[in-house]
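Accompanying notes for the structure given below.
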Amino acid sequence: MFTLPKLPYEYNALEPYIDEQTMRIHHDKHHAAYVNNLNAAPAGEEVLIKHDVVSLMKHLNDVPEAVRTKVRNNGGGHANHAFFWESLICPDQTDSEPDGMLKDAITSTFGNISNFQEKFEKAGMSRFGSGWVWLVVDDEKSSIIDTPNQDNPWMIGKTPILGIDVWEHAYYLKYQNRRADYLKAIWHIVNWKKVGERFQSSISS
Ligand code: MN
């Protein structure tokens with residue numbers, strides 16, 4: 001059985017950038033539904049028992065075809081949201097920018113941090129409809145990708161270190177149609193320490 005993880009902070013911890021009501025609905029309703037639907041899918045399929053959800057994303061081809069789309073959508077929803085909550089932190093605890101080797105990896109690809117942020121926001125804006133924007137690491141190099149629906153980099157053999165939800169349910173209550181404002185606000189609450197740890201473990205594995 002897959003379980004809904006608790007948020008690593010209070011529902012109102014990301015205010016004013018993400019409001020409490022959005023967090024309550026997003027976590028308690030949307031994320032919970034992905035977990036419940038994932039648990040309803042398997043009926044004892046071995047592949048669903050032996051993997052954690054990230055590992056499951058890497059082994060989607062082993063999932064029987066009859067339930068693969070269900071696992072892709074709901075397993076993706078579970079994996080992505082668990083990763084998303086951990087990517088954020090309350091604004092008074094964030095380092096405003098990445099540092100160390102992560103900063104080097106980003107600046108070597110994008111020139112500087114603000115150029116990276118601009119490209120990331122653009123990728124989030126150009127994702128038509130629902131999806132995600134990601135910073136991924138490949139061979140110590142960083143790049144930005146975006147994915148539709150609940151797809152994610154693990155499904156295509158890439159390692160994400162930052163993932164931002166651009167489904168309307170992630171921002172609509174506060175930002176309505178202004179996805180660009182939501183994406184700009186996100187920089188105030190990125191947990192760069194966590195992203196840096198993910199970067200470290202991706203290059204040492
Ligand atoms: Mn979401």
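The numbers here are math on the coordinates, done by the rules we state, and not lab data. None of the values given here were measured: they were computed from a predicted structure. Because the Cβ atoms are built from the backbone with ideal geometry, glycine has one as well, and the counts that use them run over all protein chains shown.
What does the charge count near Ile89 come to, summing +1 for each Lys or Arg and -1 for each Asp or Glu among other residues with Cβ under 11 Å from its Cβ? Summing Lys/Arg as +1 and Asp/Glu as -1 gives -1.
Ordered from longest to shortest, the equivalent ellipsoid semi-axes for the range 69-122 are 27, 16, 10 Å, each the square root of 5 times a Cα gyration tensor eigenvalue. Kindly express, to the nearest 10 degrees and within the range 0 to 90, the angle between helix 100-110's C-alpha long axis and the longest C-alpha principal axis of the chain. Taking the Cα atoms of the chain, the angle to 100-110 is about 90 degrees. Straight-distance candidates among the aspartates and glutamates for linking to Lys50, with alpha-carbon spacing under 13 Å and chain neighbours fewer than 8 residues away dropped: Asp62. Dividing the convex hull volume of the alpha carbon atoms of the chain by its residue count gives 111 Å³ per residue. Label-to-label distance, Val54 versus Ser204, with points set 7 angstrom from Cα along the beta-carbon direction: 1.4 nm. The C-alpha atoms of the chain define a longest principal axis, and helix 113-126 lies at about 40 degrees to it. If the cut-off is 17 Å between C-alpha atoms, which lysines fall inside it for Lys103, apart from same-chain ones fewer than 8 positions away? Within the straight-line limit of under 17 Å, Lys103 reaches these lysines: Lys119, Lys141, Lys193, Lys194. Taking the C-alpha atoms only, the angle from helix 192-204 to the longest principal axis of the chain is near 60 degrees.
The value obtained for the range 1-111, namely the Cα convex hull volume divided by the number of residues, is 136 Å³ per residue. Across the range 73-108, the residues whose backbone nitrogen lies under 13 Å from the label position 7 Å along the beta-carbon direction of Ser130 are 73-78, 81.
Considering only Pro91, Pro64, Pro160, the Gaussian network model of the chain with Cα springs below 10 Å gives its largest mean-square fluctuation to Pro64.
Helix-only arithmetic for the chain: the sum of -39500 (n - 2.57) across DSSP H runs with n ≥ 4, divided by the residue total, places the mean residue ellipticity at 222 nm at -14000 deg cm²/dmol. Restricting the calculation to Cα atoms, the range 8-62 yields a radius of gyration followed by a Dmax of 15.2, 44 Å.
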